[in-house]
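Below you'll find the structure, written out as structure tokens, and then a few comments.
The values are calculated or read from the model by the stated rules, or taken from the named source; none is laboratory data. In this text, all values refer to a predicted model and were calculated from it rather than measured experimentally. Quick note on the areas: whole protein, heavy atoms, side chains included, nothing else; ligands and nucleic acids left out. Shrake-Rupley method; radii C 1.70, N 1.55, O 1.52, S 1.80 Å.
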Amino acid sequence: MRAELRAKIIDVCDKKIDSKGGNVGLSFYAFFTNKNDNPELLMEAATWWIQTHALDHFVKAQKIKQMVQDGL
């Protein structure tokens, strides 16, 4: 996963955790606006989420952040 996406995921997770608490869940769509302005990055996130790790649609933000920080 490219550094740009890793940084974006960590930033979004931090903001969600800060605003909604440690138990907040999110989907990979949380890392993108409603406009599909970067389809390659969206597909990279979807591939990592769905194909690589077989994650459920909603996953705790803390878990996703930790996975990204661990280089998974």
Pop out the ³J(HN,Hα) list for region 50-58 in order, Karplus 6.51 cos²θ - 1.76 cosθ + 1.60 with θ = phi - 60°, rounded to Hz; leave Gly and Pro as x. 8, 7, 6, 10, 6, 7, 5, 4, 10
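Add -39500 (n - 2.57) for each DSSP H run of 4 or more in the chain, then divide by its residues: what number comes out at 222 nm, to the nearest 500 deg cm²/dmol?
Numbers: 3 runs with 35 residues, N = 72.
Computed mean residue ellipticity for the chain: -15000 deg cm²/dmol.
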Averaged per residue, what accessible surface does region 1-45 expose to a 1.4 Å probe, in Å²? 63 Å²
Just report the Cα centroid separation between region 3-45 and region 47-62, whole Å. 12 Å
Using θ = phi - 60° and Karplus 6.51 cos²θ - 1.76 cosθ + 1.60, couplings along region 25-31 (whole Hz; Gly, Pro as x): x, 8, 10, 5, 5, 4, 8
Could you list which residues have their amide H under 5 Å from that of Gly25, counting only those 5 or more apart in sequence or on another chain, with H placed in the peptide plane? Ala61
Ignoring solvent entirely, what values of log10 I(q)/I(0) come out of the Debye formula for the chain at 0.14, 0.16, 0.24 Å⁻¹ when each Cα is a single scatterer? -0.38, -0.50, -1.18
